[in-house]
Amino acid sequence: MAIPLVPKLLRAHLAELAAEDMRHDGRGRFESRDVELEIDCLTRADGSARVRMGDTIVFAGVKFQIMKPYPDRPNQGGLMCSAEVRPVAGRQWEPGPPSPQSIELGRVVDRGIRESGCINTEDLCIIPGEKAWQVILDLFAVSDDGNLFDAFALAAIAALKSATVPAERFEAGEDMPLEVSKTPIMCSYHKVGGRFVYDADRREELGGDERIHITLGDDDHVHSLQKGLKGIFTAAEFAEIMNEARSRCAELRDLVDKAIEGE
Amino acid sequence: MGGYGDVQCIDENGIRLDGRKIDEVRPMSIEVGVVPVADGSARMTWGLNDVIAAVYGPMEAHPRKIQRQDRAVLDVRYNMAPFSTTDRIRPGFNRRSREISKVTAEALESVVLTELYPRSKIRVEIEIICAEAGTRCAGITAASVALAHAGIPMTDLVVSVASGKVHDIVVCDLNKEEDNYGEADLPMGILPNSGELVFLQMDGDLSPDQFQEAWDYNMEAAKVVHKHMVEALKRGEA
């Protein structure tokens with residue numbers, strides 16, 4: 001990513017606003033931008049979702065491949081999640097091999113889904129030791145106006161929940177829905193002007209400090225945490241955002257469930 | 001361009017697999033402003049193709065060695081998303097996407113008034129998120145709409161369409177089966193106001209008459225596509 005311009009002025013501006021408990025776009029501290037979720041929006045994908053949070057827009061696409069199970073897990077299939085932020089998504093994103101930022105994005109989303117156990121890899125086995133399904137989840141950013149993490153995570157779980165295993169195309173039986181037993185949801189908080197805010201936009205990311213990503217599963221179980229960027233936070237600050245994350249994750253889980261039910 | 005196998009692309013009444021007549025263009029839609037953080041953008045659906053084009057710039061060109069003293073450089077990238085085809089595509093550039101990026105850049109450079117922005121760079125990003133056939137044509141078309149949406153001065157839009165041949169019959173605007181099993185493909189980039197060309201490729205086998213027929217189909221199809229482009233830009237203005 002290119003070095004952002006005038007972050008000092010921006011930081012000072014955001015700090016002034018924070019002192020008045022305000023944000024530059026008029027939102028409350030833990031208020032999100034408008035969220036839109038659409039599923040089954042990519043014809044060639046076996047499962048897909050589009051998420052829009054303000055001016056941040058992402059797609060998630062699921063594809064299946066046949067793999068040979070790993071020798072130490074002969075009765076299990078695989079799950080692979082990768083994020084690509086191509087230069088289409090913003091002038092700060094440059095062409096070339098995946099940047100550390102986009103690798104971190106993919107891995108943090110991957111951990112939340114994997115560790116929640118929402119996909120039972122044993123269900124993906126076709127013939128033990130010989131054939132199994134590999135689920136490949138590709139995350140693709142169209143427009144980055146901040147908080148790609150939450151947008152990717154939301155698109156990821158919605159795409160998985162809408163996916164169909166294309167068994168007929170691979171001559172491996174009948175098509176069937178992919179079994180996804182849980183709905184892990186990520187909520188991200190950025191330190192802006194000395195306090196954490198939810199769903200930071202691009203300007204708040206530029207003029208802010210550290211960020212914390214929390215993925216909660218059903219029943220508020222914690223499945224992944226990640227602290228990114230330079231910064232120091234207290235236990236009390238973390239307790240506060242964890243508490244906020246619980247109620248916000250529940251709301252977003254409802255949004256996913258409604259989109260899947262309405263299919 | 002392979003054999004047909006069992007696929008019959010046109011029936012005895014001259015109706016194609018997707019229900020079109022041989023001179024008919026696939027349904028399409030164009031919308032501008034789909035990448036809110038970009039300076040200009042467009043999304044085009046064309047048959048099952050779904051393409052997003054975004055424009056950034058003019059901006060400083062770096063590294064300096066890519067700068068041109070007398071004009072802007074167009075930095076064009078064509079890419080297919082991993083989930084855009086039946087079999088997943090491994091992310092990253094390949095020889096096909098490099099070639100398409102190159103000919104697309106050269107087509108667009110022919111209309112953009114690059115001499116107005118010396119030493120600068122204009123980035124054009126073309127992302128195929130769903131592919132049927134004719135993604136390069138949809139990409140060039142969407143990119144020229146995105147450039148216009150970004151307010152980049154151009155002498156004309158570029159309309160790109162492809163016609164070809166299946167079962168020895170010339171057809172307009174190839175679909176997936178016709179592209180896979182057909183005998184010829186003729187994509188062109190046309191300037192709608194003058195009928196001049198800025199992009200031309202062809203592969204396959206066409207007789208002189210068939211070539212002329214395919215050429216004429218493209219010229220007619222370009223008028224249909226152009227109408228959609230202009231309407232999308234006008235809607236974006238409102």
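The values are calculated or read from the model by the stated rules, or taken from the named source; none is laboratory data. Source: prediction; values computed, not measured. Here the Cβ is made from the backbone with ideal geometry for all residues, glycine too, and neighbour counts use every protein chain on show. With ligands, DNA and RNA removed, areas are computed over all heavy atoms of the protein, side chains included. Shrake-Rupley method; radii C 1.70, N 1.55, O 1.52, S 1.80 Å.
Worth pointing out:
- Under a model in which nothing but the beta-carbon of Lys, Arg (+1) and Asp, Glu (-1) is charged, segment B:1-87 shows a dipole of about 520 debye around its Cα centre.
- Long-range HN-HN contacts of B:ALA184 with modeled amide H, under 5 Å: B:LYS165, B:ASP205
- The mean count of C-beta atoms from other chains within 10 Å of the C-beta of residues in A:82-93, rounded to a whole number, is 5.
- Among beta bridges that DSSP assigns inside the protein assembly as shown, antiparallel share in %, nearest 5: 85
- Couplings 3J(HN,Hα) of segment B:115-122, computed from phi: 5, 6, 10, x, 6, 10, 9, 10 Hz, in residue order, whole Hz [Karplus 6.51 cos²θ - 1.76 cosθ + 1.60, θ = phi - 60°; x for Gly and Pro].
- Taking only Cα atoms of segment B:28-235, radius of gyration then Dmax in Å: 16.7, 52
- Global geometry of segment A:108-240, whether rounded, prolate or oblate, following the gyration tensor of its Cα atoms and the 1.5 cut on a/c: prolate
- Within straight-line cross-link reach of A:LYS68, lysines at Cα separation under 28 Å, skipping those fewer than 8 residues along the same chain: A:LYS131, A:LYS161, A:LYS182
- Dipole axis of chain A (+1 Lys, Arg; -1 Asp, Glu on Cβ), positive-most option in A:SER143, A:ASN243, A:SER181: A:SER143
- Computed on segment B:28-235, with alpha-carbon pairs under 8 angstrom and 6+ residues apart, the relative contact order is 22 percent.
- Ratio of Rg to Rh for segment B:145-194: 1.17 [Cα atoms; Kirkwood radius as inverse mean 1/r over pairs].
- Per-residue [θ]222 nm for chain B (sum of -39500 (n - 2.57) over DSSP H runs n ≥ 4, rounded to 500): -9000 deg cm²/dmol
- Within segment B:86-173, trypsin sites (Lys or Arg not before Pro) in DSSP loop having at most 14 other beta-carbon neighbours inside 10 Å: none
- What you get for the protein assembly as shown, charging only the Cβ of Lys and Arg (+1) and of Asp and Glu (-1), is a dipole of about 2040 debye around the Cα centre.
- Environment charge at A:SER224 (Cβ cut-off 11 Å; Lys +1, Arg +1, Asp -1, Glu -1): +1
- Estimated dipole of segment A:8-261 in Debye, rounded to 20 [Cβ of Lys and Arg +1, of Asp and Glu -1, Cα centre]: 760
- Of all accessible heavy-atom area on chain B, the percent that carbon and sulfur account for (1.4 Å): 48
- On full extension, the segment bounded by A:MET22 and A:GLU94 gains 22.7 nm, given 0.36 nm per residue less the C-alpha separation.
- Cα centroid separation, segment B:1-74 to segment B:135-171: 6 Å.
- Amide hydrogen neighbours beyond the local backbone of B:ARG88, cut-off 5 Å, H modeled: none
- Helical mean residue ellipticity (222 nm; -39500 (n - 2.57) per DSSP H run of 4+; nearest 500) of chain A: -9500 deg cm²/dmol
- With N counted as the residues of the protein assembly as shown, its alpha-carbon radius of gyration over 2.2 N^0.38 Å works out to 1.04.
- The alpha-carbon positions of segment A:8-261 define a convex hull whose volume is 134 Å³ per residue.
- 10 Å Cβ neighbours from other chains, averaged over peptide A:33-44: 3
- Net charge over other residues, Cβ less than 15 angstrom from the Cβ of B:GLU115 (K, R count +1; D, E count -1): +2
- Here is the list for segment A:185-263: trypsin sites (Lys or Arg not before Pro) lying in DSSP coil, each with at most 11 other C-beta atoms within 10 angstrom of its C-beta, are A:LYS230.
- Using a 1.4 Å probe over protein heavy atoms, the accessible area lost on pairing B with A, summed over both chains, comes to approximately 2600 Å².
- Remark: segment A:120-263 carries 40 Å² of accessible area per residue (probe radius 1.4 Å; ligands, DNA and RNA excluded).
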